1. Kirkwood Rh, Cα Rg: Rg to Rh for region A:142-280?
2. Using alpha-carbon pairs under 8 Å, 6+ residues apart, how would you state the relative contact order of region B:124-208 in percent?
3. How tilted is helix B:210-222 with respect to the longest principal axis of chain B? Cα atoms for both, answer in degrees (0 to 90, nearest 10).
4. Take each of the peptides B:40-47, A:333-340, A:182-189, average the number of other beta-carbon atoms within 10 Å over its residues, and list them starting from the highest.
5. For region A:202-430, go through all pairs of different Cα atoms, get the mean of 1/r, take its inverse, and jot down that Kirkwood value in Å.
6. Say each of residue B:207 and residue B:370 gets a label point 7 Å from the Cα, pointing the same way as Cα to Cβ; how far apart are those two points in nm?
7. Would you mind giving the mean number of other chain beta-carbons within 10 Å of the Cβ of each residue in A:240-248, as a whole number?
8. Cut-off 19 Å, label point 7 angstrom out along Cα-to-Cβ of residue B:58: give me the residues of region A:107-123 whose amide nitrogen falls inside.
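What follows is calculated from the coordinates using simple rules that are stated; it is not laboratory data. It should be emphasised that the depicted structure is a prediction, and the values quoted were computed from it without experimental measurement. Here the Cβ is made from the backbone with ideal geometry for all residues, glycine too, and neighbour counts use every protein chain on show.
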């Protein structure tokens, strides 16, 4: 009997509804710093989760061992003592699909701990100070539920990021995919190197606080847009973490050039899936289309509370995005600095924090190369200023987007994202005065 | 966990070519409940349990972990770690070495005055709900639009054996509460989230004074939304900072940059670097009033431990003494590079995580001022009491703290509240401008982020009120 069937058998007579999820993953990660390997890590993981309801009460358990009996027994006992949950909704009829994408090369590399195929072709010694992480994962997932859901999916992923130093300045870039393609890593290294190299050849200048035209790289766009997507989850609205809380479908929320999608069907991106955690079929959907808000991401629970329909974005308790896509625009790579004219080209950022989630007041610190651009030419380099503004201001100030989307996922961008460069007509910039 | 099996797999690693091997059994069993707008959303149990193996082979470091705890699978996991270490060694110019340390042999557990398992979990939910419901949320025109509270207790159990003779067994129970309150009045909105956490038993929930803490935060929202005015323009003036903001800044601007792996660049692509790459021990970064300590041995603290995850005995570490940079935080790898001993700063989040250099409980040491004395000498200034937004650059040099609750000070008196006052300042200016430090050391819980894969870890951050002389606010 399989692990899932074993769990189902132990729980089905004790509860009204159940969902069992088992995810088995094998991971291989190489961490780099100062152009050397700092550690190679290898994991085999079993993540088992159980969702149960009884008389509209909800309990969840998650565990990593393969013997879940004690945890299940405790959860099944506890649920009788809980209250009816304000989030409860009956599990839906499942209509999901199975989507698979397996790259045998990734599986081979993980099985054999084949570091040569991870870093052998990257010529680390050509770079003075290269840091980063490269991650390969192969996973299998099973979802089985009392609503009839039964899905088995398999997938692989290959993602990573590199930061390259040239003296005091640096460039950073990332990639993500479901296929092993070392050219993606090489391209990221090349972009990071060029950013650092170009910055190192320019004079360093301080950026005065003020409002600037800015060009945001896909690294920055992926980070900032992830907060827009998080705000579009109905869960964020209910918990008080969304600046989109007052909006309804059809409202204008951004410049007409912005179309933002959740893309679970894109099998080139690691978080693809044919079904959500309740067994509902996933679909690619616009969150914002040509600047117009199209709706919140829902599971059946949030949909019931907000009197809407599930969008196939269930996590068990709150909705979640799968993969993020920002539709490309018209700016060709060679035209970007010219289109910027006078302003700042920000290549990377981190530490985005909100003063006020409801109003969308935030700041985020730039890192790595930051170019001061005059008349369409980078004339100086700077670093470590702060983007400080309101999210609605940023969304309305988007003037144009790059014609190419870049697959980004790294330490500061958890959800796999395909995003272009973004030209913003005005954005607040601050920094310490001394 | 069977000590013999862990010992055998360490021996197997040595016989397979490792010059150093370390096995860690690591489990975390948790209970969590969530309350939304005074209604119980649900509850959950978590059970993370497994074994990690870390080895050095030919100067390369390899790490592997598994949740399937039987001898056969553990041997396979050792083989994976050995293979990873061999692969790692091939790209290294210099082999990784570990500082020589006296291996600890100790068994300890944090006592629970009221054990976590002494009452049924549903009783904990009832107790929490009673506290949460008792807070008056709506004040004047301000309405609370969302009010979420979560409670978690967990027990972390470890057994660490290494090839140099360390044997460390520990059991650490923790209690934590997290909440978010969102409120609005007219066209103004604001959030306040907060985290409380300690090691210990259920007595912690009573000692947290949760009702009063939440009540005070609702009041802060009321002041921010209904009462506060904008600061008319940016200017330089004296600023009195509360223990909450001093605690955070101590963690961000003194603790993180003192992590030796960050100084060496090992986290460069993730959490970044440190100003301590250039500014060495002995550099005067602040006034004589500034002394900052990281101490894992504080009883009841959220970041408590007596021996680190490499089997090294813990002790307080002075990071800044009277304004002068002192020791870094080390694990055995970084200590070896610097030619010093480890000061027991290696921590791993769970069995899936490698031990890396981390903070524990980091605080700015108290001195002798009362709060009233700090304020009475200010002709014109700001008192920043609570924050929401903060961040710092990846060199830990330029930081920003934005007041959720702040006040204008005039002629030594606290006057009207100010909305979203910003202190954006370099680390050197911040520590150099401190001219007086209070006596009221207070600790706050936090979840510190670092590592790849990320390893969020419990810490305390602490400090008293301090006064900054003539800094820019906006």
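1. On the way: Rg = 20.3 Å, Rh = 19.1 Å.
Taking Rh as the inverse mean 1/r over Cα pairs, Rg/Rh reads 1.06.
2. On the way: 128 pairs, mean separation 21.8, N = 85.
It comes to 26 percent, rounded to a whole number.
3. For helix B:210-222, the angle is close to 50 degrees.
4. On the way: B:40-47: 22.9, A:333-340: 16.0, A:182-189: 18.5.
Order by mean packing, descending: B:40-47, A:182-189, A:333-340.
5. Numbers: mean 1/r = 0.0560 Å⁻¹.
Mean inverse Cα-Cα distance, inverted, gives 17.8 Å.
6. For the pair residue B:207/residue B:370, the computed spacing is 2.8 nm.
7. Values: counts 17, 6, 2, 1, 0, 5, 2, 0, 0.
Across the residues of A:240-248, the mean count of other-chain Cβ atoms within 10 Å is 4.
8. A:112-123
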